[in-house]
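The values are calculated or read from the model by the stated rules, or taken from the named source; none is laboratory data. For clarity, every value in this text was computed on a predicted model and none was experimentally measured. Cβ placement follows ideal geometry from the backbone for every residue including glycine, while neighbour counts extend to all protein chains displayed.
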Amino acid sequence: MDNQVAKNKLSPSRRIANLLIHIMLAVLAVIWVLPIVWIVLTSFRAEAGAYTTTFLPQGYTLDNYIRLLTDRNVLNFPKMFTNTLIISIFSCVISTFFVLSVSYSLSRMRFGFRRPYMNLAMILGLFPGFMTMIAQYFILKAMGLTEGAAIRIGLIIVYCACAGLTFQISKGFFDTIPKSIDEAAFIDGATQWQVFTRITLPLSKPIVIYTVMTAFIAPWVDFIFAKVLCRANADQFTVAIGLWNMLQKEYIYQWYTCFAAGAVLISIPIAILFLYMQRFYVEGMSGAVKG
Amino acid sequence: MNEDRITVRNALKDGDLFTRLSAVFMGVGMLGHRQVVKGLLVFLFEVAFVLYMATTGVHNLGMLPSLGTEVQGKVWNEAKQIYEYSAGDNSQQLLLAGVITCFVIAGFAVLWILQMRHSYSLQKRIERGEEIPNLRRDIKNLFDGNLHITLMTLPCLGILVFNVVPLIYMISMAFTTYSKEGEHLILFDWDGVNQFVRVLNMNGNIGRQFWQVLAWTIVWAIFATFLNYILGMALAMVINRKDTKGKAFWRFCFVLSIAVPQFVTLMIMNIMLQPSGAINVLLQNLGLITEPIPFWTNATLARITIIVINLWVGIPYTMLQVTGILQNIPGELYEAARMDGAGPVKIFFKITLPYMLFVTTPYLITSFVGNINNFNVIYLLSGGGPTQVGDTAGQTDLLVTWLYKLTIDQQYYNLGAVIGIMTFVILTIVTLVTYRNSSSYKNEEAFM
């Protein structure tokens, strides 16, 4: 209880230090939150155009949101939204399955290809991600997946195909689950498949949720692959390319405030998902560390 | 015991009729050793392979050394307003087909070896009077002892087709003349290591740009990684201090900025820092400056701006990751240190920092690699600019963004591939030196 007494009677120098630290934190917090506040304010700005002579908007309106959601001629935001949603649902299911399968195999099973696979994954991870982009495009073209609605399939493939290389976090988590649990199940006659689906996965809730969410968010925030695959097919644009396009020279004056509205609309669900997911990420990480 | 080992050599030497026959007719060894369905499947694979080689494979391989010679005809189509191409050789397609054919042959070779071994081991088991698993047992086993085969086949196939094959294809491009320079976009040839020489030659135009970009890439990666790490850790510790009030609130303020998609914040930052953007307007309205600050057009300023904005992006990430680990440091360590009379500074350097470094070395390496390959920050913030006249690389271009410009914008595919390979070489050196020595790699088995 000595600590409690000491806390109530802080020395003056300690009090000043505390005050300074809180002021510093407040300044930093303003710096970190300001751009976000600014973009939210911009999304309600009544004046058109990208640049204004005042930092804060002069008038406020909801028109930017209404236009963004109803204008289907130039940049069709609702269509982009559905495109991205479809792609992300499919790629989320497939890549979650890939990531968890590979992680379980590498963590729980021993086979000759295991070490080479992990080394290969490390080597492949060192190549710049989109060095392969051009070649992937040519391969997808040869498969006929670069025109019209097939672009969606192409994008799903691109997002999922290499999921098997991102096993590190979930493998690390699986590693911390005691092997004795598996062994007990094997003695009771369980198969590997049963151990995987009925024991390991239920015990790994944080990391499963984390994997699902990362996979779901990826198509919303990637724009390089989507840009190369979609090229000028405006019908197939994802949200990220759409927003990026709104800032290009030909659109920026007309669309800047709509861009802000779109950014806010997209950020809210992703931010909620992220804040929710972050808890599981920290749990997952500390699980892996404690072992 | 050497004679009993299951190898292809032994299979050929000691195999019975079926085993030896399967060297030519794959799967016969299994057919003859009571595994009919598997044998038939393997034999079907061989038939498919032979058909593939006969129809296109041999042709593909034959075109690989020359990469095609037939020049395309080009006719302007007035109605469609485009050039129409008459059929000629397309080196890019020929190269891709050649690479794929090589992979098919390699895959076939692996299958051949596996089936030789398998039929020899079946033969041995029959000789020893052991039971041969039937198809149902085999399938059942795919969900038990061989579960890894079931689980990993599709992911591996994906990696092979959409990562390994494209990579080999791009690497082979580095040794060709595939480039817009000299009009080699449709028909190109092997070029040896000329492009590598060009990139490494400090006196040439491309070489000068390469070394300049490389230097900036490394400076950037060091600043971005270590500043983020140190400042993020400092922030986490300040928030975690016992005396800090409202921990959750502060944490939320910082985490909010990473919850917003990165590409959105980066594009917003780009706009805010334009000459007539919000920051300049704010500073001018406050009367702090009279002329807008040229955040993106002055090379040095652009570099500093990028590093600072990257701090804005990166510090919360580090804070998040470090917070969990900081809370995991065993409390007894601190107690013991305080008992021994260690001050806060000493505790930090003797306990906190070593512990953090021990746990986060892999994270540091990943983030260093990530920063060298950090495409988004550069591309969305400065676009690599400002660019000097006559250069393809801007003053803030990293190797990756330059690679993007060289391939997508300029269509200098061979140069782009060389840059990609150089990036890989640099990263390999960095990683091999540090990663293989890190505790989490060495002790990977220790967790089990």
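Taking helices (runs of 4 or more DSSP H) as the structural unit, those lying wholly within the stretch B:55-161 and holding at least 1 residues that are away from every other protein chain (no Cβ under 14 Å) and polar (S, T, N, Q) correspond to B:91-127.
Got at least one residue in the stretch B:227-250 being in a helix (DSSP H, G or I), within 14 Å of another protein chain (Cβ to nearest Cβ) and of a type in the set (Phe, Trp, Tyr)? The answer is yes, given that some residue of the stretch B:227-250 is in a helix (DSSP H, G or I), within 14 Å of another protein chain (Cβ to nearest Cβ) and of a type in the set (Phe, Trp, Tyr).
Please enumerate the residues belonging to the stretch B:332-360 that are among the β-branched types (Val, Ile, Thr) and surrounded by 12 or more Cβ atoms within 10 Å (Cβ to Cβ).
Within the stretch B:332-360, B:347, B:351, B:352, B:359, B:360 meet the criteria.
If we scan the stretch A:105-127, do we find a residue that is closer than 30 Å to residue B:94 by Cα, part of a helix (DSSP H, G or I) and polar (S, T, N, Q)? The answer is no; no qualifying residue exists. The residues in the stretch B:251-267 that are at the interface with another protein chain (Cβ under 8 Å from one of its Cβ atoms), within 31 Å of the chain's Cα centre (by Cα) and part of a helix (DSSP H, G or I) can be counted, and the count is 11. Scanning the stretch A:137-158 for residues that are at the interface with chain B (Cβ under 10 Å from one of its Cβ atoms) and in contact (Cβ under 8 Å) with a residue 60 or more places away in the chain gives A:137, A:140, A:158. Restricting A:166, A:176, A:191 to those that are at pLDDT 90 or above and either surrounded by fewer than 19 Cβ atoms within 10 Å (Cβ to Cβ) or on the phi < 0 side of the Ramachandran plot (or both) reduces the list to A:191. Residues considered: B:42, B:24, B:28. Of these, the only one that is at pLDDT below 90, touching a helix residue (DSSP H, G or I) at 6+ places or on another chain (Cβ under 7 Å) and assigned by TED's automatic domain parsing to the domain that holds residue B:107 is B:28. The condition of being closer than 28 Å to residue B:189 by Cβ and either surrounded by fewer than 16 Cβ atoms within 10 Å (Cβ to Cβ) or away from chain A (no Cβ under 12 Å) (or both) holds for only one of B:409, B:397, that being B:409.
Among the residues making up the stretch B:174-200, a single one is out of contact with any Gly (no Cβ under 8 Å at 6 or more places or on another chain), assigned to a helix (DSSP H, G or I) and aliphatic (A, V, I, L, M): B:197.
Could you tell me which of the residues B:318, B:361 is in contact with a Gly (Cβ under 7 Å, 6 or more places away or on another chain), not aliphatic (A, V, I, L, M) and not in a loop (DSSP other than H, G, I, E, B)?
The unique qualifying residue is B:318.
For the stretch B:279-329, which positions are within 10 Å of chain A (Cβ to nearest Cβ) and more than 37 Å from the chain's Cα centre (by Cα)? Scanning the stretch B:279-329 gives B:280, B:281, B:282, B:283, B:284, B:285, B:286. Scanning the stretch B:133-192 for residues that are among the hydroxyl-bearing types (Ser, Thr, Tyr) and free of Cβ contacts under 8 Å to residues at least 12 places away in the same chain yields a total of 2.
Looking only at residues in the stretch A:140-192 that are acidic (Asp, Glu) and in a helix (DSSP H, G or I), the one that is nearest to the chain's Cα centre (by Cα) is A:175.
Within the stretch A:204-213, identify whether any single residue is in contact with a Gly (Cβ under 8 Å, 6 or more places away or on another chain), assigned by TED's automatic domain parsing to the domain that holds residue A:101 and of a type in the set (A, V, I, L, M), and answer yes or no. Looking for residues that are in contact with a Gly (Cβ under 8 Å, 6 or more places away or on another chain), assigned by TED's automatic domain parsing to the domain that holds residue A:101 and of a type in the set (A, V, I, L, M), one finds at least one in the stretch A:204-213, hence yes. Candidates in the stretch B:122-153 are the residues that are among the polar types (S, T, N, Q) and buried (at least 16 other Cβ atoms within 10 Å of the Cβ); of these, the one that is nearest to residue B:28 (Cα to Cα) is B:123. When you scan the stretch B:268-276, do you find a residue that is touching a residue at least 40 places away in the same chain (Cβ under 8 Å) and facing chain A (nearest Cβ under 7 Å), even just one? Within the stretch B:268-276, one or more residues are touching a residue at least 40 places away in the same chain (Cβ under 8 Å) and facing chain A (nearest Cβ under 7 Å). Within the stretch A:247-261, can you find the residues that are at the interface with chain B (Cβ under 9 Å from one of its Cβ atoms) and either in a helix (DSSP H, G or I) or among the basic types (Lys, Arg) (or both)? Within the stretch A:247-261, A:252, A:256, A:259, A:260 meet the criteria.
I'm checking my understanding of the structure. Among residues of the stretch B:154-173 that are farther than 17 Å from residue B:97 by Cα and either more than 17 Å from the chain's Cα centre (by Cα) or among the aliphatic types (A, V, I, L, M) (or both), which one is surrounded by the most Cβ atoms within 10 Å (Cβ to Cβ)?
Initially, the stretch B:154-173 is screened for residues farther than 17 Å from residue B:97 by Cα, giving B:154-159.
Next, from what is left, pick out any that are either more than 17 Å from the chain's Cα centre (by Cα) or among the aliphatic types (A, V, I, L, M) (or both): B:154, B:157, B:159.
On the way: B:154: 18, B:157: 12, B:159: 23.
The selected residue is B:159.
Flag set for residue B:221, criterion: buried (at least 22 other Cβ atoms within 10 Å of the Cβ), out of contact with any Gly (no Cβ under 6 Å at 6 or more places or on another chain) and either in contact (Cβ under 8 Å) with a residue 40 or more places away in the chain or within 13 Å of chain A (Cβ to nearest Cβ) (or both). Residues in the stretch A:60-75 that are surrounded by fewer than 11 Cβ atoms within 10 Å (Cβ to Cβ) and not hydroxyl-bearing (Ser, Thr, Tyr): A:72, A:73.
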